[in-house]
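Okay, structure first, notes after.
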Amino acid sequence: MVFASRFSKLIVGLLLCTFSLVSPGRAADIFDLGAPYFETVLQGNYDLPTITDLGQGKDGLIWIATYEGLYQFDGYQVIPAPYFNENAEQFPNHWVRKISIGPQGKIWVGTAASGLYVLNPEDRRFTQYRIKAEQQSSYPSINRIIPLNGQEAWLATSQGLFRYHLQKGILKAYTSKEDGLSARVISALLLDKNGQLWFGSTAGVDRFKKDGETIDAMFRDLNESDLSQQTLTKIFQSRDGTLWFGTFGKGAYRRTLFGNIEKLDTDDWVKDIIQLPNGQIWISTARSGIQIFDEVSGQLIGSHRHSESSEASFDSDNAGAFLLDRSGLLWISTLGKGLSRINIANHFSRSLAHSPGDPQSLSHNDIYAVFEDKDGFLWFSTYGKGIDIFDPAVGKVDRILPAPGKENQLQEGTVKAISQSLDGSIWLGGLNRGLYRIKDPGQANKTLERFTTEDGLFSNKIFRLLPEENGDVLVITRRGINRFLEKENRLERIQESEFSKTAALYYKVHMDNGDLWLGGPAALFYLPKGGDSLQRVSLDETLTEHLKNNRILALHRLNDRELILISQSAWFKMTLNPDDVSISSENIPGDTFNNVEAYPGPDGRYWGANFVFDFESGKTQFLSHADGVYHRIRRPMASTKTRDGSYIFGGANGVSILKPEQFNSWTYKPPLIINRIDIDGKPLPSPGSSLSLAPNNHGFSVSFSALDYSDPHRILYAYRLLGYDDTWTYTDSSRRIATYTNLNPGDYELQVRASNRLGDWSPEQLSVPVSIAPAWYETLAFRIAAVAAGLGLLYLLFYLRLRHLEHRRRVLEKVVDQRTQELSESLDTLQRTQAQLVASEKHASLGRLVRGMAHELNTPLGVVTMASSVISDCSQQSLHAIPDSDAKTKEQLSRKLNGADGLMQKNLHRLNQLISNFKLLAGDEHDEDIRDIVFHDLLEKVLLQLQGQFIEGKVKLFIDGPQELRLHCREISLFHVLKELIQNALEHAFDGEQEDAAIHINYEVVEEKLKISIGDNGQGIVPELIEKIFDPFVAANANNVGLGLHAAFNNSSQQLKGEISCYNLEQGCCFELLIPTQVQNPADDKA
């Protein structure tokens, strides 16, 4: 077994030696000579203390440990660590030494004096744990942490090694030599792939036995290297199992798979060690920047250090902690310079720059021309420093220095154009001093042959040199085009350009037939093979108009008849017509560029210094620092495409070298996180994965970030609130916040999505359930009650409406009945009035008839009365003439005459009375003036005339009414009416045997009318007479004429303008007279 082990070690040693011999430290091509681009972040705008460690949480956030606390970075802002307990206390601004991410996403943070802090990713709160062994009086500094699971971890501290449980406390403590420690201060820690724990101290390296509880003292005794006396700062295991050790001030070591300890080629303070995906081991040091070692051989194969003249270089020689994030970006902390970052996943770009003190670097950063000769050497024209010549395999191998005044030397420090003719000569176009030729470029001391305007050049300012297939060289100058004739060794003038006084021709395209196309500032020219005159190409209207304000930058051949033209602001595909030297163009949609050059790549796309353009689709992908490309100012014509497919672009900041075949497009899909949640403008201490709002909350806002650190400001965002928004709301990185107010209670879902920096949307979405609790008046029970109350209210309103309608109906019915009653009464009144009018008219007509008859009868009656008187006198005289002797005859005759005379007088009296009634009925005796009377006095006059009848009939009289009531009417007419009515009662109401006979006279004023009621308690009026009681000649017995009541009716209606009616009572009847009057109050008269 011992022999086998030694034999294995021998074989490995031989292999390593062989590898070192066949792997010299020289580059394969110019690309390998360049340096990658390191981007400096978190510097300037961020006043961060010195960074001690880096970590990336499970959610993708970058955690930064410093001398003054803990910070987190989301690509946009650096903020202090969140609260660490339920009391919302801020994370202390103490020295944080170590950050470790546990298997379950917990973040373990070790501090120099405050103990251990563990962040629970569920609630984003830190919990503090005080670590101290029983025999210790102070809290140790926690230097390293290895989490084993969600609750347990190994802690390397200034007071020993601890196995710590978050709930149970210290499980195992190793604090002294009695516990097996070489030294008390543990400064490095590693749990290797086999589960064995290694730890470093101020006295070297120790490890546990396989039981995991006992320190392996035998291993320490067998450790014969210098590590036993070194202070360890880092223990790292590479993918092949090799252990790498970093020390304080003594460099780095490694332990091979066979147990050999090897010293690496560095003596600096090692701060961190990491292995990249390509296998390289990067070691950060305190003074030498980043040292790069080969994983297999352990040899130093490169370094990254700071260069003051190159902004693309690593920002500091004092490197610190490494962090390789999930997207492939490598982060390196520096002392006082913030963070540097490099995209190691995309290694297609390198840069060359001037570095003071390094003779192998470029002589100056400002490059005016780049050229690759036939032997593969690269020529770089620098500003004022001559020309640098690089062998891609080993670096800079030669220089052509400016030597003004020296013969056969370069007379100026800047060369504008470099080319090579068929015979191998290198041609240099000077910026101000003419044309140079180097016939033997490989010669150590190069001899330069110079040509100027004295030799036929249009101008000593050379812009382009274009070799021709026959060995001649076209020389494009400021004022025209020359051709150097190789066979004749002289210059000839082709044509003085009409536009060369303002600018020169820049670019060329050789067609298969040898013709030459030249693109100038605002025109395109054609030079036939071997021709001596340029022909202006006829352009279509679109291209002609475009080139008035844009310069042609490049021409590229697609095929025999198609060219790609690149101007300052557009791309065109041109179709050639050789017959009339004309061109039709087609504008290619896409982004525009200013002052760029582009070359067709192997994938058919065109590559510039900072973009890739696909003219078929018009889509442009910009290349930036996020892709590892460093570019600032690029000069026209200071670029070339090498034979190995690299693109070299020179400018004011050195040289960029691109290898398109090694380009990896950015496909990282960044995770989305919630940065902050505000409710009514107040932030939640620990925003979770869901959001609940109380009824009194009015709105919320959620800020978010997509954790693509390569170029976060180019990320696009979209959000929507399901249940409220119908469409997505799109925004950029400057507005990474969704705000909603005045939402209805209910359940919503906030969805957020993001693109990467290329604009490709990630399929992943951030979903935040949002629940808004209803107020008591918004609950389902309240709504049901409200609906029920509403329905009840509606029913009540409906019922009240029905009641109202019913009431209205009754009111209307009452109104209708009242109106009907009024109409009926009005109709009755009208009918009565009509009847009265008819009766009045009838009685008036009858009165006129009776009056006429009375007038006509009155004279004859008077004659008859006179005649009867004469006859009576004569009869008496005749009787006296009869002798007394004939007494019997005289007596008989006297009896007969007296009887006849009495009968005649009686009938004449009756006739005379009837004519008087006729006159009274006609009203002849009652034409009188209206006067004021006292009704009571008038009534007494009537009663005075009828006093005898009252006494004779034993009838009692009762009068009720105001005694001083005044009337304004016809007194005589009223007198006759009252007399007739009272007399009618005396004559017809009683049968003579009634003992309690009584007449009641009541009068009162009703609505400005005098109402007179004359009633009796007699026998009443028979029903068949009651309706025609006021008609003429209606009488209760034959002894009466029946005109008295008729006369009373006429006087009431015509003379008194009133009404008279009659109706039976329970006993007796009543006559009611209603006449208009003017009544004066006796009290007013007294006043």
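Please verify whether Lys941 is modelled with pLDDT of 70 or more and loosely packed, with under 12 Cβ neighbours inside 10 Å, treating the condition exactly as stated.
no
Hey, any hits in segment 396-414 for a residue that's touching a residue at least 60 places away in the same chain (Cβ under 8 Å) and charged (D, E, K, R)?
no
Looking at this structure, is Val702 among the aliphatic types (A, V, I, L, M), in contact with a Ser or Thr (Cβ under 7 Å, 6 or more places away or on another chain), touching a residue at least 24 places away in the same chain (Cβ under 8 Å) and more than 20 Å from Arg341 (Cβ to Cβ)?
So Val702 fails the test.
Filter segment 338-372 down to the residues that are within 16 Å of Ser303 (Cα to Cα) and of a type in the set (A, V, I, L, M), then identify the one that is surrounded by the fewest Cβ atoms within 10 Å (Cβ to Cβ).
Ile344
Residues are listed down the side, and each one gets a yes or a no for (1) in contact with a Gly (Cβ under 9 Å, 6 or more places away or on another chain); (2) modelled with pLDDT of 85 or more; (3) of a type in the set (A, V, I, L, M); (4) part of a loop (DSSP other than H, G, I, E, B):
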| position | (1), (2), (3), (4) |
| --- | --- |
| Asn45 | no, no, no, yes |
| Lys58 | yes, yes, no, yes |
| Ala65 | yes, yes, yes, no |
| Asn85 | no, no, no, yes |
| Pro92 | yes, no, no, yes |
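Out of the residues in segment 175-188 that are in contact (Cβ under 8 Å) with a residue 24 or more places away in the chain and closer than 18 Å to Ser228 by Cβ, state the one that is surrounded by the most Cβ atoms within 10 Å (Cβ to Cβ).
Ile186
Of these, Tyr668, Tyr630, which one is aromatic (Phe, Trp, Tyr), part of a loop (DSSP other than H, G, I, E, B) and either touching a Pro at 6+ places or on another chain (Cβ under 6 Å) or at pLDDT 80 or above (or both)?
Sole residue among the options that is aromatic (Phe, Trp, Tyr), part of a loop (DSSP other than H, G, I, E, B) and either touching a Pro at 6+ places or on another chain (Cβ under 6 Å) or at pLDDT 80 or above (or both): Tyr668.
Would you mind stating whether Phe975 is part of a loop (DSSP other than H, G, I, E, B) and among the aromatic types (Phe, Trp, Tyr)?
So Phe975 fails the test.
With respect to Tyr717, is the statement that it is under 23 Å from Gly328 (Cβ atoms), surrounded by 18 or more Cβ atoms within 10 Å (Cβ to Cβ) and free of Cβ contacts under 8 Å to residues at least 40 places away in the same chain true?
yes
Suppose we filter segment 547-556 for residues that are buried (at least 20 other Cβ atoms within 10 Å of the Cβ) and without any contact (Cβ under 8 Å) to a residue 60 or more places away in the chain; how many remain?
3
Say we look at segment 295-337 and pick out the residues that are over 24 Å from Val394 (Cα atoms), over 42 Å from the mean Cα position of the chain (by Cα) and of a type in the set (Gly, Ala, Ser); which of these is surrounded by the most Cβ atoms within 10 Å (Cβ to Cβ)?
Ranking the candidates gives Ala319 first.
Residue-by-condition table, conditions (1) assigned by TED's automatic domain parsing to the domain that holds Ser703; (2) part of a strand (DSSP E or B); (3) over 17 Å from the mean Cα position of the chain (by Cα); (4) closer than 30 Å to Pro695 by Cβ:
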{"residue": "Asp725", "(1), (2), (3), (4)": "yes, no, no, yes"}
{"residue": "Gly759", "(1), (2), (3), (4)": "yes, no, yes, no"}
{"residue": "Val770", "(1), (2), (3), (4)": "yes, yes, no, yes"}
{"residue": "Leu793", "(1), (2), (3), (4)": "no, no, yes, yes"}
{"residue": "Leu796", "(1), (2), (3), (4)": "no, no, yes, yes"}
{"residue": "Leu812", "(1), (2), (3), (4)": "no, no, yes, no"}
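Name the single residue that is modelled with the lowest pLDDT among those in segment 557-604 being surrounded by fewer than 19 Cβ atoms within 10 Å (Cβ to Cβ) and β-branched (Val, Ile, Thr).
The extreme case among them is Thr592.
Being under 30 Å from Tyr777 (Cα atoms), of a type in the set (Lys, Arg) and assigned to a helix (DSSP H, G or I) narrows it down to one of Arg808, Arg801, so name that one.
Arg801
Counting only residues that are surrounded by fewer than 16 Cβ atoms within 10 Å (Cβ to Cβ) and assigned to a strand (DSSP E or B), which one in segment 677-701 is nearest to the chain's Cα centre (by Cα)?
Taking the candidates together, the pick is Gly699.
Could you list, in sequence order, the residues of segment 648-671 that are farther than 15 Å from Tyr368 by Cα and in contact with a Ser or Thr (Cβ under 7 Å, 6 or more places away or on another chain)?
Correct list: Ile657, Leu658, Lys659, Trp666, Tyr668, Lys669, Pro670.
When Asp932 is evaluated against the numbered criteria (1) in contact with a His (Cβ under 6 Å, 6 or more places away or on another chain); (2) free of Cβ contacts under 8 Å to residues at least 12 places away in the same chain; (3) not β-branched (Val, Ile, Thr), which criterion, by number, is the only one it fails?
Of the numbered conditions (1) in contact with a His (Cβ under 6 Å, 6 or more places away or on another chain); (2) free of Cβ contacts under 8 Å to residues at least 12 places away in the same chain; (3) not β-branched (Val, Ile, Thr), the odd one out for Asp932 is (2).
Residues checked against (1) farther than 21 Å from Asp59 by Cα; (2) of a type in the set (Lys, Arg); (3) under 47 Å from the mean Cα position of the chain (by Cα):
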{"position": "Pro92", "(1), (2), (3)": "yes, no, yes"}
{"position": "Val109", "(1), (2), (3)": "no, no, yes"}
{"position": "Asn120", "(1), (2), (3)": "no, no, yes"}
{"position": "Ser138", "(1), (2), (3)": "yes, no, no"}
{"position": "Leu155", "(1), (2), (3)": "yes, no, no"}
{"position": "Leu166", "(1), (2), (3)": "yes, no, yes"}
{"position": "Tyr174", "(1), (2), (3)": "yes, no, no"}
{"position": "Glu178", "(1), (2), (3)": "yes, no, no"}
{"position": "Ser182", "(1), (2), (3)": "yes, no, no"}
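Within segment 235-274, can you find the residues that are part of a strand (DSSP E or B), among the polar types (S, T, N, Q) and in contact with an Asp or Glu (Cβ under 7 Å, 6 or more places away or on another chain)?
Gln237
Could you grab me the full set of residues in segment 1040-1050 that are farther than 20 Å from Gly1015 by Cβ and in a helix (DSSP H, G or I)?
His1046, Ala1047, Asn1050
What are the residues in segment 444-468 that are under 18 Å from Asn489 (Cα atoms) and aliphatic (A, V, I, L, M), if any?
Leu448, Leu457, Leu465, Leu466
The values are calculated or read from the model by the stated rules, or taken from the named source; none is laboratory data. Just so it is clear, the structure is predicted and the values come from calculations on it, not from any experiment. A quick note on method: Cβ atoms are made from the backbone with ideal geometry, for glycine too, and the neighbour counts reach across all protein chains shown.
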